Every structure is written in C-alpha cells, then in structure tokens.
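Trainee: Please find one structure pasted underneath; my questions will follow.
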Amino acid sequence: MTVMIDTGNYIAAKAAVMARPDVVAAYPITPQTTLVEGIANYVKTGEFKGDYICVESEHSAMSACIGASAAGVRTFTGTSSHGLLLMHEMLHWAALARLPIVMCNINRVVGPGWNIWTDENDPISQRDTGWIQFYCSSNQEIFDTVIQSFKLAENEKVLLPVMINYNAFILSHTSMPVYIPEQREVDDFLQKYKPQWKLDVNNPITFGNIILPADYEKIRKDMQNSQENAKKLIPEIAKEWKKKFGRYHGDLIEEYKCDGADHILLAMGAIGSESKVSINNLRKEGLKIGLARVRTFRPFPNEEILKLGKQADLIVIDRNISIGSEGALFSEVKASLYGKSDTKVHGFIAGLGGKDVTYNDIETICRKVVEGKAKDCEWYGFEGSGK
Amino acid sequence: MAIKNLPVEECMIPGSAACPGCPATMALRIVFKALGKNTVMVVPACCTAVIESLYPNTSFDVPVMNIAFEAAAAGASGVEAALRQQGKGDTTVVAWAGDGGTYDIGIQALSGALERRTNFIYICYNNQIYSNTGIQRSGATPYGAWTTTTVGGKTEFRKEMGEIIQAHHIPYAAQACVSYPEDLYNKLKKAKDIKGPKYIEIMAPCPPGWRFGMEKTVDMGIMAVETGAWALYECENDVVTFNGKSKLILEEKIQRKSIEEWIKQQGRFSHLFKPKKDVKRIKTIEDHTDQIWERYRKKYL
C-alpha cells in the first residue's frame, strides 16, 4: 500500500485504471477534464492497457461504453453536468440493457448561465434512469467506491450501471492523501469480468429488439429487484473492503454520532463530510445531534432512514431542487417515513450554484431546527429578494 | 461475382417483419453473404429494428446490438474496441443504419467514428425518408418529393453524403444500389478486407414510402442509376472509380435517362404530374441532376 496525495479526479483515474477496464470512452468537460487527462497519462505510461476511445460527445461516450460492455468487457467513463445531461438517453439505455458500466460524475451546476461550481442537480435529474448512484465525501471514498462499484455492478444479482458522484472542485480539484492498495490486492478483490451474455458470433443473439408490453414490464421489475439486491450487496462489499483494506465509509448511509441523538442531519456529498465538523462542534455545545450521510441515492436507503426517523427528528440539506416541488432528498426522506413514523422533518436548500456551505452554515441550520425556529422547508442563506 | 455464384448461406433467416418488396432485407441478404457469420451488427432505430422481428425471436443469424437512433457509429466503436481487446479483431463490425440515422441524427457520431479511424463498416441503406416512422422527410429526401412532412413536395435538395464522407479521407467508401447485387457484394467483400473505417451507402427504393408497387423495387433502383439520380462508385484512398452504368454516364458513353421517367412511376412525385404537369419543378430536378454530373466529371474524369 502506498499513499498518493492528489485531487479527486486523478484519484478516480488511478482507481479506474487499477480496476483494469478494457475500454474507456470519454469526452472532456470541466470539471471532469483532469479525470480523462489522468487516464490519458496512464495510456502513455502503459499502466492502462485497455482501449481509450476519445469520442466526439458525451452521447457517443456512453454509446461506445454500451457497445463495449455489450461485447463483454469492463468499461469506464466519466462526465459532469451538461455532459451527463447529453448522455441522458443512453443512461436509460445502459441500465435497461443491464450493462455494468461504471462512471464518475463530477457534480456541477447546469446552465444557463454558465457556472462550473458544484451542486447536485445534474445527477438528481438522472435519478430515474436505473443507475445506482453513490455520493462521495472524500478522495479516499472516491478511490474505494470506484473499485467497489465494478464489483457491485458486475454482480449477477445487480447488473446495473453505477454512477459515482463527487462535488466539483471541492473534491475533483482538491488534493488529499489517499491510500492506494497494491495492484495484486485490487485484482484479488475484483476478479475479471465474465458476463453471462455478450455479442458473440458463436452464439448469435439479438439484443434490444422490439418487445411487447408484458415482457418489457418484466425488465423494469427485474431492474427494481436488482436495486433491492444492491441494498444487500453494498454493505457486503463495504465489509469485505474493510476486512481487506481497513477502510469503511458506511453502507447506504454513513452514521456519525447518531447514538442518543434527538436530531439527525441528513446530507450527501461534500456537505456530508463538512457536517462532521459541525456535529462535533454542536455536540460540544451539548446538543444531542448526529449525522447520517446518504451515500446512495439509488438504491434509496428507505429502511435506514426509517430507523433513524423512529429515533430522532430529521434535518435534511439538499444541494439540489426539484423545481415546483422541493429538495429531492427531503422528498424521499419523508416518503421513507410515511405512515410508519410521524417524526418531524425539516428541509433546507443550500449551496445551489456552487455557493459555499461551511460548517458554520450547517451549525446555523441545525441550531435553528433544535431551537424550533425552522420552517418545514426553507432556502438557507438566500440573498435575493425572491420568496 | 455472378449472382448464381453468391454463397448459399443465409444469415437473414425466416420470420422477418419487413414489408413485401423491402429493399433493406434484399440488401441484408447480400451483406451477410459477403461478410459471413463472423460479423456483429449494430442497428440504430430504423426499419431494421422492426425487420429483426419481435423479442424473443430474431430473423438475424449474427449477433445484433440495437442502439438509439443517433448512436450506431459510436456504439460500433465500443463493440469494435471490446472485440479487439478480447483478441477478436477479425470479427467484422457493421453499423447498419437508415438515411435518417446517417444523414441527420447520426452524422455527428458517424463523423467522429470515421475521424477516429474505427475499424468497421458503416452501411447506410438509403430509402430517402424516415420510413419506419411513417414517411417523413430526411436530409436524403430529393427535391420535389412528397413526404408526410413535405406535403406539397420537398423544397430543398438532398445532401451529398458521399462528398461529406470523402472529406474524411477514409480508406474505402462506396455507393451501391440494391438492384445491383453483384456490385454490392463486390464492394462489401472489398470493404471487409480493408482495415479502418469503411462507408457503403445502398440506394434502397421503398415501396410504401415512394408509393410504387412492391414488385417494382429492383426496377426503381435500376432507374435511379440509369437516370443519374443515384451514382454507383467507390472511393479507395481518395481515388474515385465509377461503376457500371454510372461509369458510362460519367464518361458520356451513354446519356442518362430523364429523371422524369423515374419519378413519374412514384406516387411521391404524383403532384408534379397531376392535375397538371409541373414543368418548372421537373426541370429544376433535371437541371440539378445535370449540375451534379458536371461536378462529378470535373472531379473524377
């Protein structure tokens, strides 16, 4: 094991290459660029021995990944924001075709106006495509999750693509020390991909032709079952990783100081890690507060959240908004509790457009709730005149 | 290769859902005979996605991956890379798309794959319309033709896709026609043995789309060539050679027949003849065809 001090994107590139994909197809977009540049460097050094297809758009990136995965090889890509949105059609295609593609998505604001900072509306708008979605809070978690994701995606009980999300610049361009296992250890953890079916001239099958409603519905149901299977497999894989490498970032959620808490904060991504500082400070002040960092938005950790909801009131911070409704995490947290717990849930929209959400901000949000001054749902730190 | 000597092996097997007189199935038979079973097909949204027949059945005896409308060339790039990574670089990867998926929505992915020197054959079967969706105009629809979205007749000329392809300077590009199976077969055989990107476009007269009888598909293709509405040629490493009747027309050894003879047999042009002959528009078509051939002669003679 070695320690590599580098940015989230270069760490993701390192992880991707160590997973030994046969094909990477990618198109550059800020802030993902250093990820694809990182892989290009590994092509030059010979550490990446697969095929690197520099396509002419993100739509083609995902299409090429679909072709490669259908032909039977491990496949990786990365994108961000508008790139993810351009892929939208093919995200559905990849999931419905049951192709275990792994992709990093660096969470960036959607234009107009042009803004390269972070929020999470890009992946949230893709939540219904069938992809498993992780949200990372450190570069170490990015590395570990990329490797683990191939194992999860390729499991016969899952066979769904995985999107690993992390925040633009806060993680993508910030250097942190990351433990890197030996290649042989990764190879031992992640065995060679052996698909059950593929494009094979010795066994000619037509994939994706016209399908009648009843058979189509079976595919959808099977995808849903597979997301449910992923709920069981994500903790198993995390446990195996912990046993082998000593690191653990949580299962579907990461609980932090939830014992005896009467308020629990829920957040994703970098706000999730920033929140740990806030929780420490608030605990020192005597507040009984904990954190549940949501690691997977799909599958959604309904059971875990219900358990927390039976213990404490919940505070949800969303770095996204489903316009016309509310924060996506807020909605889904409430749905998880519906009819089973009448705990209070407070939602906050924060950090849209890449606005900073510091530990001070998070503490202010938490205090407001604990002191009974919070509304059901509000925008934190909103500076305009809009209501 | 005489037609009687073509391989008897068929990868286009019974059970297809094609219309009677479908040019795509006729062309596919020749494609499979030329390329053999060591072939993988990538098919975007187009008539062939229907022709393949319903899940869980198939009318193709080679592996087929369906993909979204604009994604054939990019999908094929991924398939090609994956097969090569598995030591199967000898498998022929074919992207098989219609003119809508080639001239219009798929042109970006196609251009990208050609520029990247993807080792595959991109085949466009060109029936000059979005036929699968019910006869809408495409960039390949000729001037004056009725479609459901050009109800009074198309007011623009079709794209010269061949010239767009040639601008990529790929090792092999060809235009063929379903009515000349030997020529098509030879072009496919040649393409199969060349490394890098290959592009073959097949003129495919569509009975319901062009409004002619299902027994006339071959005739309509022959007339497209004889009137100069379509040219048979191949382009190997930037050297263009015209084939068959098109060669004779190019060299002015024969006169091209008038386009009017071709279009008057197609219901899609009937508004140019009834209730009275639209001399102006018919002349526009003839003049445009002359201009194309003048350009060909300047460039290729």
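The values are calculated or read from the model by the stated rules, or taken from the named source; none is laboratory data. Predicted model, so just to flag it, every value in this text is computed and none were measured. When we count neighbours, we look across all protein chains shown, and the Cβ atoms used for this are built from the backbone with ideal geometry, even at glycine. All accessible areas refer to the heavy atoms of the entire protein, side chains included, with ligands and DNA or RNA removed. Shrake-Rupley method; radii C 1.70, N 1.55, O 1.52, S 1.80 Å.
Trainee: In the stretch A:180-205, which residues are among the acidic types (Asp, Glu) and under 26 Å from B:Gly89 (Cα atoms)?
Mentor: A:Asp187, A:Asp200
Trainee: Conditions first: (1) part of a strand (DSSP E or B); (2) in contact with a Ser or Thr (Cβ under 8 Å, 6 or more places away or on another chain). A:Ile264 passes all but one, so which condition is the exception?
Mentor: The number of the failed condition is (2).
Trainee: What's the number of the condition A:Ala292 fails, among (1) within 27 Å of A:Asn229 (Cα to Cα); (2) in contact with a Lys or Arg (Cβ under 8 Å, 6 or more places away or on another chain); (3) assigned to a strand (DSSP E or B); (4) not charged (D, E, K, R)?
Mentor: The failed condition is (2).
Yes/no matrix, rows are residues, columns are (1) more than 13 Å from chain A (Cβ to nearest Cβ); (2) out of contact with any Leu (no Cβ under 6 Å at 6 or more places or on another chain); (3) farther than 24 Å from A:Cys54 by Cβ:
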{"position": "B:Trp96", "(1), (2), (3)": "no, yes, yes"}
{"position": "B:Gly100", "(1), (2), (3)": "yes, yes, yes"}
{"position": "B:Gly106", "(1), (2), (3)": "no, yes, no"}
{"position": "B:Leu110", "(1), (2), (3)": "no, yes, no"}
{"position": "B:Ile123", "(1), (2), (3)": "yes, yes, yes"}
{"position": "B:Gly134", "(1), (2), (3)": "yes, yes, yes"}
{"position": "B:Thr147", "(1), (2), (3)": "yes, yes, yes"}
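Trainee: Tally up the residues in the stretch A:176-185 that are assigned to a loop (DSSP other than H, G, I, E, B) and either in contact with a Ser or Thr (Cβ under 6 Å, 6 or more places away or on another chain) or exposed (fewer than 15 other Cβ atoms within 10 Å of the Cβ) (or both), please.
Mentor: 1
Trainee: Can you give me the number of residues within the stretch A:26-44 that are within 10 Å of A:Gly78 (Cβ to Cβ) and in a loop (DSSP other than H, G, I, E, B)?
Mentor: Selection size over the stretch A:26-44: 4.
Trainee: Scan the stretch B:167-222 for residues that are among the hydroxyl-bearing types (Ser, Thr, Tyr), farther than 18 Å from B:Ala18 by Cβ and either at pLDDT below 95 or open to solvent by less than 20 Å² (accessible area, probe 1.4 Å) (or both) and report the count.
Mentor: Residues that pass the stated criteria total 3.
Trainee: Looking only at the stretch B:257-265, decide whether some residue is free of Cβ contacts under 8 Å to residues at least 12 places away in the same chain and of a type in the set (D, E, K, R).
Mentor: Taking the stretch B:257-265 first, the residues free of Cβ contacts under 8 Å to residues at least 12 places away in the same chain are B:264.
Among the residues that remain, those that are also of a type in the set (D, E, K, R) are: B:264.
Among the residues of the stretch B:257-265, at least one is free of Cβ contacts under 8 Å to residues at least 12 places away in the same chain and of a type in the set (D, E, K, R), which makes the answer yes.
Trainee: Right, another one. Looking at the stretch B:40-78, which of its residues are polar (S, T, N, Q), within 7 Å of another protein chain (Cβ to nearest Cβ) and surrounded by 23 or more Cβ atoms within 10 Å (Cβ to Cβ)?
Mentor: B:Asn66, B:Ser77
Trainee: Could you list all residues from the stretch B:251-283 that are in contact with a helix residue (DSSP H, G or I) (Cβ under 6 Å, 6 or more places away or on another chain) and in a helix (DSSP H, G or I)? So that I can check it myself, show each step before the final result.
Mentor: First, pick out the residues of the stretch B:251-283 that are in contact with a helix residue (DSSP H, G or I) (Cβ under 6 Å, 6 or more places away or on another chain): B:254, B:256-257, B:259-260, B:262-263, B:266, B:268-269, B:272, B:278, B:281-282.
The answer is B:Ile259, B:Glu260, B:Trp262, B:Ile263, B:Arg268, B:Phe269, B:Leu272, B:Arg281, B:Ile282.
Trainee: Shifting gears a bit: Determine the pairs where a residue that is facing chain B (nearest Cβ under 7 Å), located within the stretch A:60-73, has a partner that is part of a helix (DSSP H, G or I) and of a type in the set (D, E, K, R) with Cβ atoms under 9 Å apart, the partner being 6 or more residues away or on another chain.
Mentor: A:Gly67/B:Glu80; A:Ala68/B:Glu80; A:Ala71/B:Glu80
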